[in-house]
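Throughout, read-outs are computed from the coordinates displayed, never taken from laboratory work. Because the structure is predicted, anything quoted here is derived from the model rather than measured. Note that we place each Cβ from the backbone using ideal geometry, even for glycine, and neighbour counts take in every protein chain shown.
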Amino acid sequence: MSFGGPEAPEEVVPFLRNVTAGRGIPEERLEEVGEHYYGFGGRSPINDQNKALLSALRAELDRRGIDTPLIWGNRNWDPYLTDEVRAAAEDGRTRFLSIDTSAYSSYSSCRQYREDFAQTIDTLRAEGHDVSIEKIRQFYNHPGYAEACSALLKEGLEEFRSQVDRIDAQKHRILFVTHSIPTVMQDASEVATNGYQAQHEELMAHLLEDLPESLRLPAELVYCSRSGSPEVPWLEPDVNDRMEELAADGITGVVLVPIGFISDHMEVAFDLDTEAKETAGELGLAFTRVATVGTHPVFVSGLVDLIEERVAQLRGEDVDAPVIPGTAPLTPGSGACSIECCRGRLDRPTFPNW
């Protein structure tokens with residue numbers, strides 16, 4: 001289950017209309033945001049990345065002797081979730097288990113997908129198909145995700161060291177980057193979990209602890225991709241603003257680590273690889289952007305572990321739910337992942353209804 005993205009220039013604005021439906025965003029603003037996509041030929045990289053992840057998951061499932069079919073559904077563009085589940089239901093498949101392409105707890109990254117599931121279930125029930133859609137837990141602290149992030153961070157720091165000759169804690173910084181969200185959404189994520197921001201900080205602490213001494217640098221969490229009215233407060237600081245401040249303080253190089261994104265989709269390709277890189281160039285900062293986990297084999301294997309974990313839970317089995325040190329699993333139905341968690345502005349039905 002993913003967000004979706006346009007495949008051609010003529011699809012960009014209709015896609016953005018889907019994304020912003022009900023928010024009163026003017027057409028000229030959609031055209032402005034659309035320029036990000038037009039700079040990449042009007043095609044979002046997220047679709048090819050989802051296809052690559054499907055292929056990698058299929059290979060890992062096959063390796064373990066699991067022949068369950070894989071399908072892919074989106075919220076905002078083809079292939080739409082409801083269409084894909086309908087087609088499977090017409091072939092007699094009625095029980096689904098979702099992997100959502102987001103690792104953290106918030107309305108946009110977890111609860112809204114559960115609302116999508118409820119809407120699909122209701123739509124198909126009206127058509128005569130009774131289906132259910134379960135999901136794996138949020139996986140920011142699962143060893144598969146964390147270990148893949150750790151390996152890629154070390155590779156990125158080695159690349160950075162080759163640019164600057166010597167890593168210097170007085171001159172260089174690590175900036176962990178994630179998608180900004182409104183502060184009201186951050187507050188909602190803290191009702192039943194430790195919250196969106198704290199989850200990133202927990203993973204950051206683990207990744208820094210896992211670094212060899214020769215690669216350690218001061219680090220902080222920054223944000224990208226804020227949108228909406230400037231009067232509405234979002235999590236800060238913005239990555240570009242923070243780089244300007246650091247340069248003014250004498251910092252000469254930055255390593256950007258996009259731990260909030262599992263693949264190089266538009267927020268990474270434009271906001272970091274284009275905009276933030278340009279900012280670093282203007283400021284004279286050495287710049288390295290660490291890779292996202294994508295189809296890293298440790299990450300893919302971890303996702304299949306999470307599938308098997310959730311299936312065992314649904315069978316009523318006692319399950320070892322591994323996490324990185326100092327954190328607790330967001331086990332479905334545990335209270336950490338509950339009906340009270342991450343509520344949005346409107347109270348819509350969710351499924352699973354934990």
With T = 10 °C, eta = 1.306 mPa s and Kirkwood Rh from C-alpha pairs, the Stokes-Einstein D of region 218-354 in µm²/s is about 86
Ordered by number, the trypsin sites (Lys or Arg not before Pro) in region 91-179 that occupy a DSSP loop and have at most 13 other Cβ atoms within 10 Å are Arg166
A correct Karplus calculation of ³J(HN,Hα) over region 277-290, with 6.51 cos²θ - 1.76 cosθ + 1.60, θ = phi - 60°, whole Hz and x for Gly and Pro, returns 5, 5, 4, 4, x, 5, 8, x, 8, 4, 9, 9, 10, 5
Expected sort for Val177, Val12, Val164 with the fewest Cβ neighbours (10 Å cutoff) up front is Val164, Val12, Val177
Contact order relative to length for the chain, counting C-alpha pairs under 8 Å separated by 6 or more residues, stands in percent at 24
A student applying the Cα gyration tensor rule (rounded when a/c is under 1.5; otherwise prolate if a/b is larger than b/c, oblate if not) would label region 75-225 prolate
With a ≥ b ≥ c from the Cα gyration tensor eigenvalues, square-rooted, and the rule rounded for a/c under 1.5, otherwise prolate when a/b > b/c and oblate otherwise, region 143-289 is oblate
Relative contact order in percent for region 143-289 (Cα pairs under 8 Å, 6+ apart) equals 35
The distance between the Cα centres of region 143-206 and region 25-98, in whole Å, is 26
re the chain: pairs of Cα atoms spaced beyond 24 Å account for a percent value of 59
Extension length gain for Lys51 and Arg63 (0.36 nm per residue less Cα distance), in nm, is 2.5 nm
